[in-house]
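The values are calculated or read from the model by the stated rules, or taken from the named source; none is laboratory data. Bear in mind the structure is a predicted one, so any value in this text is a computation, not a measurement. Cβ: placed from backbone, ideal geometry, glycine included. Neighbour counts: every protein chain shown. Ligands, DNA and RNA are stripped out before the accessible areas are found, and what is left, the full protein with its side chains, is counted by its heavy atoms. Shrake-Rupley method; radii C 1.70, N 1.55, O 1.52, S 1.80 Å.
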Amino acid sequence: MAGKNALIVFAHQEKTSFNSALKDAAVESLKKTGWDVTVSDLYEMKFNAVLSRDDIIGNPKNPNHFNYAFETMEALEEGRLSKDIIAEQNKLRSADLVIFQFPLYWLGMPAIMKGWLERVFTQGFAYTLQNIYDNGLFKNKKALLSLTTGGSSTMYSPQGINGDINVMLWPLQNGILHFCGFQVLSPQIFWSPEGSSNKARTKMIELWKARLENISQEDPIHFVPTAMFDMSAKGGFQLKKEVQKSNTNEHYGLSVGQHLGKGIPPNNQYRSEK
Ligand SMILES: Cc1cc2nc3c(=O)[nH]c(=O)nc-3n(C[C@H](O)[C@H](O)[C@H](O)COP(=O)(O)OP(=O)(O)OC[C@H]3O[C@@H](n4cnc5c(N)ncnc54)[C@H](O)[C@@H]3O)c2cc1C
């Protein structure tokens with residue numbers, strides 16, 4: 001990794017929470033190994049997670065029909081984006097690694113973090129219609145989801161009652177992070193801290209710190225390369241015919257999303273050995 005600037009986007013209301021301890025552990029571990037660390041503590045900042053016309057300064061280009069993606073793209077170019085969005089975008093610009101620390105809420109991230117993504121990842125800043133996936137604007141940055149769950153790991157196995165964790169991770173890791181070009185590192189999942197002993201939780205924090213000490217050396221998880229798709233409207237942005245054909249005799253599809261009607265490759269979004 002070229003630079004050593006880390007941004008931790010943190011979402012938990014409670015300073016005595018396990019998530020808060022994980023955030024503090026990450027700051028400590030990264031700083032120890034020479035990283036500059038910035039934290040966006042979203043609840044502490046009372047970050048406004050709701051998209052509105054107030055996100056641009058001045059008059060909209062079309063006041064009769066406010067198209068958020070278009071209006072914020074124009075405002076970005078003209079320096080008319082709301083100050084709180086610009087402040088977060090500046091933090092992202094200088095970040096080489098972005099860690100999202102959050103408790104799993106309804107199989108996703110807390111609304112305040114989703115709202116941060118919706119408002120900060122504006123068109124023209126986080127993506128353009130030409131710059132997506134392997135060609136995404138954040139292709140020189142790494143990102144990592146660090147999350148806690150209420151449920152156990154077995155509940156999130158392919159046989160478990162909540163369903164395969166890989167399916168849950170796909171929209172966040174592929175749909176948001178990889179879409180914007182990030183190299184996505186294997187997520188750090190803390191299974192059911194509330195159902196664990198204090199000793200087990202302390203161990204979880206130690207392992208997290210140890211992982212972060214060597215995070216620069218980690219390779220990202222694999223996504224199907226954009227070159228394998230026919231990136232034309234005519235081709236429907238689908239896997240090239242020859243790629244589909246070459247998978248005919250395989251037991252599994254290519255990914256959680258590109259499963260080709262077959263089984264999802266095990267641990268496609270998550271390296272269980274981590
Ligand atoms: C709205 C909502 C939706 C939810 N949806 C889901 C869902 O879809 N799926 C799911 O699985 N779960 C879900 N949950 C559960 C949620 O994911 C867990 O409650 C959360 O992940 C636990 O993390 P925490 O930081 O809040 O834990 P905490 O309750 O803050 O901490 C757990 C324990 O760790 C202790 N602790 C704190 N600091 C330390 C430390 N330094 N060392 C050791 N121990 C420490 C605390 O004292 C506590 O005993 C949901 C919860 C809510 C509120």
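Restricting attention to the stretch 182-205, which residues are within 8 Å of the ligand (Cβ to nearest atom), of a type in the set (A, V, I, L, M) and in contact with a Pro (Cβ under 6 Å, 6 or more places away or on another chain)?
Selection gives nothing.
For the stretch 34-148, list the helices (runs of 4 or more DSSP H) that sit wholly inside it and hold at least 2 residues that are more than 30 Å from S232 (Cβ to Cβ) and not basic (K, R); which are they? Let's see the steps before the verdict.
Working: elements: 68-77, 83-93, 111-120.
Passing ranges, in order: 83-93, 111-120.
Taking the residues in the stretch 141-153 that are more than 12 Å from the ligand (Cβ to nearest atom) and without any contact (Cβ under 8 Å) to a residue 60 or more places away in the chain as candidates, determine which candidate is surrounded by the fewest Cβ atoms within 10 Å (Cβ to Cβ).
If we take residues in the stretch 141-153 being more than 12 Å from the ligand (Cβ to nearest atom) and without any contact (Cβ under 8 Å) to a residue 60 or more places away in the chain, then K141 is surrounded by the fewest Cβ atoms within 10 Å (Cβ to Cβ).
Residue-wise test of (1) touching a residue at least 40 places away in the same chain (Cβ under 8 Å); (2) open to solvent by less than 50 Å² (accessible area, probe 1.4 Å).
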site: E77; (1), (2): yes, no
site: R80; (1), (2): no, yes
site: A87; (1), (2): no, yes
site: K91; (1), (2): yes, no
site: D96; (1), (2): yes, yes
site: L104; (1), (2): yes, yes
site: G108; (1), (2): yes, yes
site: M113; (1), (2): yes, yes
site: R119; (1), (2): yes, yes
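When you go through (1) in contact (Cβ under 8 Å) with a residue 40 or more places away in the chain; (2) over 25 Å from Y156 (Cβ atoms) one by one for P220, which number turns out not to apply?
(2)
In the stretch 12-57, which residue that is surrounded by 19 or more Cβ atoms within 10 Å (Cβ to Cβ) and more than 22 Å from the chain's Cα centre (by Cα) is nearest to T202 (Cα to Cα)?
So, considering only residues that are surrounded by 19 or more Cβ atoms within 10 Å (Cβ to Cβ) and more than 22 Å from the chain's Cα centre (by Cα), the one nearest to T202 (Cα to Cα) is D55.
Going through T128, T72 one at a time, which residue ends up being more than 16 Å from the ligand (Cβ to nearest atom) and either in contact with a Lys or Arg (Cβ under 8 Å, 6 or more places away or on another chain) or open to solvent by less than 10 Å² (accessible area, probe 1.4 Å) (or both)?
Of T128, T72, the one residue that is more than 16 Å from the ligand (Cβ to nearest atom) and either in contact with a Lys or Arg (Cβ under 8 Å, 6 or more places away or on another chain) or open to solvent by less than 10 Å² (accessible area, probe 1.4 Å) (or both) is T72.
Could you identify the single residue in F102, F138 that is within 16 Å of the ligand (Cβ to nearest atom) and under 15 Å from the mean Cα position of the chain (by Cα)? So that I can check it myself, show each step before the final result.
Details: F138 fails: within 16 Å of the ligand (Cβ to nearest atom).
Testing whether each residue is within 16 Å of the ligand (Cβ to nearest atom) and under 15 Å from the mean Cα position of the chain (by Cα) leaves just F102.
What residue, among those in the stretch 154-166 that are under 23 Å from N19 (Cβ atoms) and aliphatic (A, V, I, L, M), is most open to solvent (accessible area, probe 1.4 Å)?
My answer is M155.
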